[in-house]
Amino acid sequence: EVAMKYVTHSMACYSGAAGDESQFFEALQGAAMKSHEAINARRAARGITGTMATTLTIFMGVWPAYYLLQVGDSRYYRWREGTLTQLTRDQTYAQDLVDDGVMTRTAASKTPFAHVLSSALGGDTALPVVTRLEADWRNVHLLCSDGLTKHVSDERIAERLANMTSARQVCEQLLQDALDDGGTDNITVIV
């Protein structure tokens, strides 16, 4: 809510997309940091000890591009012409170990660190990442929480997208796939 209010009421944000793109990136990152501050303020006001944190993924179109703002391990995938590509980086300790060459992605997915966030809104560290994507009508966009990717492989996601008849149908199938495999976390899927 805080992020969307910030973006909506920031006219410089929208004009920045047409002119100086760095200002637009800063405005989107600022939206994430305002959310981070709001979560920390609410935690303090309620006297909550420990962490009260969440992930954030915002996908917005400002023609002729799309902009993706991401904090945490919720993912953005692009499906185009039979190929599924994860364009976000999981901000987890396991992914940090993969990036440092300590372990493989397969090994990292099976460690306790796979779902321990190294960056989150309300966490110790919030590192918002903004990515610019060229608009292309061949793209199918999928945003999801780790409640999906914990239980449904990229191969299964690709299979479902290859056979989709509608966004609703493929979301319902992916949700059911995650539930059938145990559904141990909240499951958010947007196509």
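The values are calculated or read from the model by the stated rules, or taken from the named source; none is laboratory data. Not measured: the values here are computed from a predicted model. Cβ coordinates were reconstructed from backbone atoms using ideal geometry, including for glycine residues, and neighbour counts include every protein chain displayed. Only protein heavy atoms, including side chains, enter the accessible area calculation; ligands, DNA and RNA are left aside. Shrake-Rupley method; radii C 1.70, N 1.55, O 1.52, S 1.80 Å.
Assorted remarks:
- Scanning the stretch 37-53 for residues that are crowded, with 16+ Cβ neighbours inside 10 Å and touching a helix residue (DSSP H, G or I) at 6+ places or on another chain (Cβ under 9 Å) returns Ala38, Ile39, Met52, Ala53.
- Some residue of the stretch 25-39 being outside any helix (DSSP H, G or I) and at pLDDT 80 or above: no
- Top-ranked residue in the stretch 139-156 [being surrounded by fewer than 19 Cβ atoms within 10 Å (Cβ to Cβ) and in contact with a Phe, Trp or Tyr (Cβ under 9 Å, 6 or more places away or on another chain); ranked as nearest to Ala178 (Cα to Cα)]: Asp154
- Among (1) modelled with pLDDT under 95; (2) open to solvent by less than 30 Å² (accessible area, probe 1.4 Å); (3) under 25 Å from His36 (Cβ atoms) - the single one Phe113 does not satisfy: (2)
- Single unsatisfied condition, Thr85 versus (1) open to solvent by less than 40 Å² (accessible area, probe 1.4 Å); (2) in contact with a strand residue (DSSP E or B) (Cβ under 7 Å, 6 or more places away or on another chain): (1)
- Among the residues examined, Ala135 qualifies as at pLDDT below 95, open to solvent by 20 Å² or more (accessible area, probe 1.4 Å) and hydrophobic (A, V, I, L, M, F, W, C).
- Taken as a whole, the condition of being out of contact with any Lys or Arg (no Cβ under 7 Å at 6 or more places or on another chain) and open to solvent by 60 Å² or more (accessible area, probe 1.4 Å) does not apply to Thr92.
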